[in-house]
Structures are given as structure tokens and as C-alpha cells.
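In what follows, a structure is listed as C-alpha cells, so that the remarks can point back to it.
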Amino acid sequence: MASPLSPSKFSVAPDERPHDPSAATVRSFHRSNQHNRLLFFLTAWLIVLMPFLFWWSTWFGRPLSNKQIGEYLNDEKHPRHIQHALVQLGERMARHDPSARRWYAETVQLASHSVEEVRNTDAWVMGQDPSSQAFHATLLRMLQDRSITVRGNAALSLVRFGDSSGRTQIVGLLKSASITAPAAGRVLDIDKSGTSIHQDGLVARLQDGQRTIEVRSPISGRVHTPIAVGTDVAQGTELAVVDPADDQVWEALRALYLVGQPEDLPSIRRYEAELSDSSDRVHQQATLTERAILERAKTRP
């Protein structure tokens, strides 16, 4: 008979005791919690990092080396790279940095680029060096560009050369754009009056038989439309009017301050009134521009 102190066949040695399931569960829970926290912080970090990397890669203010400018100007697969290089060149020109001249030939060639945004940026950049005769001649040609914004930017840049050849195009920047139906159809969707829109933004969609037609704005600004969804329209029907954005109007008024003529005053005076869609700086610049034009008219022989 076994003594009370001797191990029986029913007793278990300390190192052979069954594992405590509750302790294992706690350890597993802590590991899972730690993993989830790491996953959460990693996700949060990526949410912050990815937009920053995208912004950094597309921000035109990011400095480029000479090598990068040369590469970007010839990157036909990425038009924004071309724009980035042009903006950097414009900043060098504004600082009278002679290193920019090595790319003047490429800058002139880009005036006929297939992408409108590239031509638009190019027109602005060439205005940063009014001593270049090649730029002057190129900007004069760009007054015939198919894009209203390219024509306008070329005209604004020409003012820096003391050239008012683009005055008609500058006055045109003050005018609203009429958006018409390119074909007959039913209005499926259209922006509400007062909606802000960017250049090439979608204004309306039409249903023409089996196809859907997208109608876009040639300028940035604010939409006004008399047409309702479901309306049947004929080709050429006015779908909307887009009033030009403040920045465009302000730049045009500043240019007309220097080259405007009395016949331009009707287009200027509409911005002197307290229009709800125009900023105070536009009202003030319109008033100053009218005064400058009238003063010049008095000194005419």
C-alpha cells in the first residue's frame, strides 16, 4: 500500500502538468493585438505617405537638376514632366539665370505640342524673357492657336514684350464661354448653375441614339445653364454659359491696364459692378484699368 506521501499512479509530476489553456489564449491575444496595432500604424503611414509621394512627384515647384530638365522636356509619355521642366525654366528666366538659355530651342518647339496644357504652360514661360526675339515671334504665331486659353496666355506674354498684338485675345479672356450641343440628343446630365468647373471639365452628357456624348468646358470658371435634364436639344443649342475664373479675369485686366483701348471698356465695366461671382481684387482692378485707359485716351493726339 502506498504511503500518503508517495506519488500514486493518479498524481502528476510538476513538469508534466497539463498546459493552462487560459494562459495560451492570453498570449495569443497579445500577439494578435500587437500585430493589429502594427498593421494599423502601417496603413495610417501609407495613407499619409502615398498622397505626399504623388504630390511630390507632380509638384511643379520641386527643383530639377539640369539633367532632369533635359530629360523632362523630351518625355513625350508624361506631358506633366514637360510642364514641370517648363515651369522650372520660367523660374530661372525670372531670376535672369543664363543657364535657362540652353533650352530655348526646345521651348520654342513645344509651342506646337499636341497637348494643350503643354502649349499653355509654354506660352506663359516664354513671357518670362522678353529679350528673346525667338520667343516673341513664336508667341505671335500662338495667337492663332486652336485653344482659347493658349491664345490668351500668348497674348498676355506678348504684353511683357511691349506688344499689344494680342489685345483682342486678352479682351476675349473677359468674356463668358458659350457651351453648345455638338449634336442633337437628349440631356442625360448637366451641371447645376453656380457649379465651379476646371478647364476641360465635364459640363453635360447627351444621349444621341446609342452613343453618349460628353460636352466639356474650354475654360475654368462657373457654370450657368438654362437647360434641364431630359430636354431634347438640336445641334448648336446653347447648353450652358461658363463665366471665366477670377484668376483669368484678373490677369486680363492687368494686361489691359497697359494696352487696353476705349472700345474695350464695355467688357471691363461688367467687372466693376459688385458681381457675386467676382472677388474684390477683380472689382478694384477693373476700376483701375478703366481709369488707365481713359487717361491714355486723353493724351492721344
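The values are calculated or read from the model by the stated rules, or taken from the named source; none is laboratory data. Just so it is clear, the structure is predicted and the values come from calculations on it, not from any experiment. Every residue, glycine among them, receives a Cβ derived from its backbone with ideal geometry; neighbour counts consider all protein chains shown.
Summary of computed values
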item	result
Only listed residue being of a type in the set (Ser, Thr, Tyr) and modelled with pLDDT of 95 or more, chosen from Ser132, Ser147	Ser132
Check on Gly166, crowded, with 21+ Cβ neighbours inside 10 Å, closer than 22 Å to Val282 by Cβ and without any contact (Cβ under 8 Å) to a residue 40 or more places away in the chain	yes
Filtered residues of segment 250-298 (kept if touching a residue at least 12 places away in the same chain (Cβ under 8 Å), farther than 20 Å from Leu158 by Cα and assigned to a loop (DSSP other than H, G, I, E, B))	Arg270, Tyr271, Glu272, Asp277, Ser278, Ser279
Sole exception among (1) charged (D, E, K, R); (2) crowded, with 23+ Cβ neighbours inside 10 Å; (3) over 23 Å from Ile170 (Cβ atoms) for Arg102, by number	(2)
Of all residues making up segment 111-133, the number that are assigned to a helix (DSSP H, G or I) and either touching a Ser or Thr at 6+ places or on another chain (Cβ under 6 Å) or farther than 18 Å from Ala94 by Cβ (or both)	10
Enumeration of residues in segment 179-191 that are in a loop (DSSP other than H, G, I, E, B) and within 21 Å of the chain's Cα centre (by Cα)	Asp191
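This table checks each residue for (1) farther than 19 Å from Asp200 by Cα; (2) out of contact with any Pro (no Cβ under 7 Å at 6 or more places or on another chain).
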{"site": "Arg101", "(1), (2)": "yes, yes"}
{"site": "Glu117", "(1), (2)": "no, no"}
{"site": "Val125", "(1), (2)": "yes, yes"}
{"site": "Ala134", "(1), (2)": "yes, yes"}
{"site": "Val150", "(1), (2)": "no, yes"}
{"site": "Leu156", "(1), (2)": "yes, yes"}
{"site": "Val159", "(1), (2)": "yes, yes"}
{"site": "Ile170", "(1), (2)": "yes, yes"}
